[in-house]
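Right, one structure below, let's go through it.
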């Protein structure tokens, strides 16, 4: 049984009632007459707000706090044992020395949050006639950019696919924690314990990884400064000159100029290629992480195994491109075009669809995106948002769709292993 499965059985209060409780708690913390400590155990607070409230030492054990606005709230030394904080706004929220054992914080925004010395170990919660077994804290897909977790007890916590750039993990207990696919760019990890941690496909560029190595963590599939890719400074000519030659090659159908090949290069230093015209580019295994590629033109490009994690691809043109095995987790792909291009062969019109087979699009925002006839064979699309997307005749054979959203999407003629998702 999961925390969310008994949410409907918990008592629910209104925003007005919650505001009254918060005001009484404030009076209690200030030592004023009539104050009362906030104790709200096993209560459904879904979608309510405690923005900027002082909730130090409050008790929210077992509460459903999903989708709440808790930004800049102060939960210092508070008890949030086994709470469900999924999809909540925790931007700049203070959790110093808070008890977050067994909490679920999936897909929440914790940018700039302070979790110094918080307890993020596994926890269990008894309910009326039932029991939730010991479960690890779940930060899967959460935004922890710039958060402070120094001295935190987070053994066995799940940070898979989390955004953790510039996070402070100094002295944290992260033994057996999961960081699969997480972005830990420029994280501070001095003195942290990582024994038994899973860092498969994690990004550790700008990180002093000696302590991680000494802990015996397998880094063979981890992206570090040592294997992130070739520097564009090592190109034989300036990139602007090579792009000019590439455009000439495209416009003359190969008669003049030369195709640009950026395979294996680390492009992140460029920061942006927004609006750039790079039709038919070859960039197998290139690193684009975090770049602004808004409105870029990459039709008929070969981008297999490229890393587009956390990129801005909004409005980009990727028609007929090959992106097999590419990574798009947390990418903003809204209103981009991944439709086919049509060519005439032997007097017959043939489609050249986008190939996204074996790609990873976990937590990607694909609302309003055009994927007509796209191939998603064996792709991981977990928690991606395809609301309003055009997926006509798309192929999803072997694709993983856990938590993916298809509200208002066009699925006419699309192929799935089983029943198509609810639109």
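Each value in this text was obtained by applying a stated rule to the coordinates, not by laboratory testing. Just so we're clear, the structure is a prediction, and the values are computed from it rather than from any experiment. Backbone-built Cβ (ideal geometry, glycine too); neighbour counts: all protein chains shown.
Some observations on this one:
- The calculated FRET efficiency for residue 397 paired with residue 274, based on their beta-carbon distance and R0 = 30 Å, is about 0.30.
- GNM remark for the chain: springs join alpha carbons under 10 Å apart, and the peak mean-square fluctuation among 150, 160, 352 falls on 352.
- Taking the number of Cβ atoms within 10 Å of each Cβ as an exposure proxy, the fewest-first ranking of 164, 221 is 221, 164.
- Taking the empirical scaling 2.2 N^0.38 Å for compact globular proteins as reference, the stretch 351-423 has a Cα radius of gyration ratio of 0.94.
- 24 Å tail of the calculated P(r), the stretch 229-423, as % of Cα pairs: 37 percent
- For the stretch 177-306, the convex hull spanned by the alpha carbon atoms encloses 110 Å³ per residue.
- With bins 10 Å wide beginning at 0, the percent of Cα pairs of the chain falling in each bin runs 5, 21, 26, 24, 16, 7, 3, 0, 0.
- Entry note, the chain: the mean residue ellipticity at 222 nm calculated from DSSP H runs of n ≥ 4, each adding -39500 (n - 2.57), is -2500 deg cm²/dmol after division by the residues and rounding to the nearest 500.
- Taking 148, 324, 213 as the candidate residues, the one with maximal mean-square fluctuation in a Gaussian network model of the chain, Cα springs under 10 Å, is 213.
- Here the chain carries DSSP beta bridges of which approximately 15% are antiparallel, counting only pairs with both residues inside.
- In the stretch 18-91, the C-alpha radius of gyration followed by the widest Cα-Cα span (Dmax) gives 11.4, 36 angstrom.
- Result for the chain in a Gaussian network model with C-alpha springs under 10 Å: among 57, 15, 305, the largest mean-square fluctuation is at 15.
- The angle between the Cα long axis of helix 15-29 and the longest principal axis of the Cα atoms of the chain comes to about 60 degrees, rounded to the nearest 10.
- Taken over the alpha carbons of the stretch 1-228 as equal point scatterers, the Debye sum produces base-10 log I(q)/I(0) values at 0.09, 0.12, 0.13 Å⁻¹ of -0.36, -0.62, -0.71.
- Take every DSSP beta bridge whose two residues both sit in the stretch 229-423; close to 15 percent of them are antiparallel.
- Footprinting exposure proxy for 288, 249 (fewest neighbouring C-beta atoms within 10 Å first): 249, 288
- Averaging Cα coordinates gives a centre for the stretch 238-269 and one for the stretch 342-400; these two points are 27 Å apart.
- Length released on extending from residue 210 to residue 30, taking residue separation times 0.36 nm less the Cα-Cα span: 60.2 nm
- One compactness figure for the stretch 273-357 is 1.07, namely its Cα radius of gyration divided by 2.2 N^0.38 Å.
- Considering only the stretch 324-390, percent of DSSP beta bridges that pair antiparallel, nearest 5: 40 percent
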